[in-house]
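The next block holds one structure in the form of structure tokens; read it before the comments.
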Amino acid sequence: MLASKRRIRQRLWRLWAALAIALLAAPAPAQEATEEATVAPGEPLAYGEVVQGQLTEENPAVLYHFAGEAGDIVAITMRSDQVDPYLRLMDTAGNVLVFDDDGAGDLDARIGPVVLPEDGLYVIVASSFEAIVSEQAEIETGRFELDVTLYEALPIGYPGEFEGVLGRDEALKVYWLEGETGDILRLSLESDDFDPLLVISEADHLAQPVARDDDSGGDLNALIVPFVVPASRPYLLTVTGYRRYNTGAYRLRIEVLEAQALAFGETVETTLSSEQQAVIYTFEGRANERVDIVVEAADRLDTTLTLFGPDGEQLAFSDDANGLNPEVRGQPLPEDGTYRILVQPFRRGSTGALTVTLSLSRESS
């Protein structure tokens, strides 16, 4: 029944979005609202404009629209002290392109920054989190503010270290990073002035963020490690504060994690620590070989094991195959090339000693 209700609700959202677009050309004042959403026809929102809105029991969602151009880098932010904001970005057919709940921190919502794929009108649905996830919850009511902001991205490479400052009028800094498939990176964002938040998104199509972190670096600093670049394409790195209106100086550091060569029949010892939250090994494999990879950790350390192919694609993943230890057995290799083994703690911050053993499976041809 709940799934059926959600499907019906999704169809209604599409109808409301289509209604919003149909009303854009209407010179008359807004028509009577639908039972679920307020539609505001007229001129699109301008970049940088801040609008005030209100969610009510009669109108638990408000629709806005803006005109964008292909390549525009935009962020849509909804803030409120009275409701838990929830945002969706739609095309003119009512298809949801991307959504967000707490992307701006403090329960505020932020979509983006994202790169718009084409010229045209885009529809924003501003609502509350409870109105989306719960059929039985009380409808949240209250005022909010919303804006659509245009950004420029600073191109950077890796490894590298970059410094900047967030101000009251510049809540975000956006960087443009060209990634290479299979690269394994450590990204840290540190500040003595505010609680940093770091977000990684794909730049060449609209999608949910690839990675996001707030406090994994200790002392409220952000740390994303390891970040295995999933494909050779551009990425947006967004630097902001977890709290509303955080300001101050920051330092963004991107390091390439070096891998250690591992031979068949070899067992290596290593230690996960606060400075080394992941270990990477490489080995040369041949098509149709089958491999065994076994991780054994001491002191109840819970680890995970990921195997990547020469093209950077994930071939296998293991968590608790033998107690808290992961292992992969009889894994076939699809082609000749260099393979990567990634071992990291199941819970960020966990530390301890471990061993990694690589061997050819008896089933290898």
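Structure data summary
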{"quantity": "Residue match in region 326-345 (condition: touching an Asp or Glu at 6+ places or on another chain (Cβ under 9 Å), surrounded by 15 or more Cβ atoms within 10 Å (Cβ to Cβ) and within 18 Å of Arg186 (Cα to Cα))", "calculated": "yes"}
{"quantity": "So Leu146, is it of a type in the set (A, V, I, L, M, F, W, C), closer than 30 Å to Asp91 by Cα and touching a Gly at 6+ places or on another chain (Cβ under 8 Å)", "calculated": "yes"}
{"quantity": "Unique residue being open to solvent by 30 Å² or more (accessible area, probe 1.4 Å) and either modelled with pLDDT under 90 or part of a loop (DSSP other than H, G, I, E, B) (or both) when the list is Gly349, Gly312", "calculated": "Gly349"}
{"quantity": "Some residue of region 315-325 being on the phi < 0 side of the Ramachandran plot, in contact (Cβ under 8 Å) with a residue 40 or more places away in the chain and surrounded by 13 or more Cβ atoms within 10 Å (Cβ to Cβ)", "calculated": "no"}
{"quantity": "Out of Gly167, Gly160, sole residue that is over 27 Å from Gln344 (Cβ atoms), in contact (Cβ under 8 Å) with a residue 40 or more places away in the chain and either surrounded by fewer than 17 Cβ atoms within 10 Å (Cβ to Cβ) or among the aliphatic types (A, V, I, L, M) (or both)", "calculated": "Gly167"}
{"quantity": "Some residue of region 242-258 being in contact (Cβ under 8 Å) with a residue 12 or more places away in the chain and under 16 Å from the mean Cα position of the chain (by Cα)", "calculated": "yes"}
{"quantity": "Options Thr282, Thr270, Thr303: the member that is open to solvent by less than 40 Å² (accessible area, probe 1.4 Å), touching a residue at least 12 places away in the same chain (Cβ under 8 Å) and more than 21 Å from Gly352 (Cα to Cα)", "calculated": "Thr282"}
{"quantity": "Given (1) over 22 Å from the mean Cα position of the chain (by Cα); (2) among the β-branched types (Val, Ile, Thr); (3) crowded, with 22+ Cβ neighbours inside 10 Å, index of the condition Ile111 fails", "calculated": "(1)"}
{"quantity": "Residue list for region 180-228, restricted to those being among the hydroxyl-bearing types (Ser, Thr, Tyr) and farther than 20 Å from Val114 by Cα", "calculated": "Thr181, Ser188, Ser191, Ser216"}
{"quantity": "Tally of residues being within 18 Å of Ser350 (Cβ to Cβ) and either open to solvent by 70 Å² or more (accessible area, probe 1.4 Å) or in contact with a Lys or Arg (Cβ under 8 Å, 6 or more places away or on another chain) (or both) across region 285-300", "calculated": "3"}
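The values are calculated or read from the model by the stated rules, or taken from the named source; none is laboratory data. Note that the structure is predicted; figures quoted are calculated from it, not measured. Don't worry about glycine lacking a Cβ; one is built from the backbone with ideal geometry, like all the others, and counts go over all protein chains shown. What goes into the accessible areas is simple: the full protein's heavy atoms, side chains included, and nothing from ligands, DNA or RNA. Shrake-Rupley method; radii C 1.70, N 1.55, O 1.52, S 1.80 Å.
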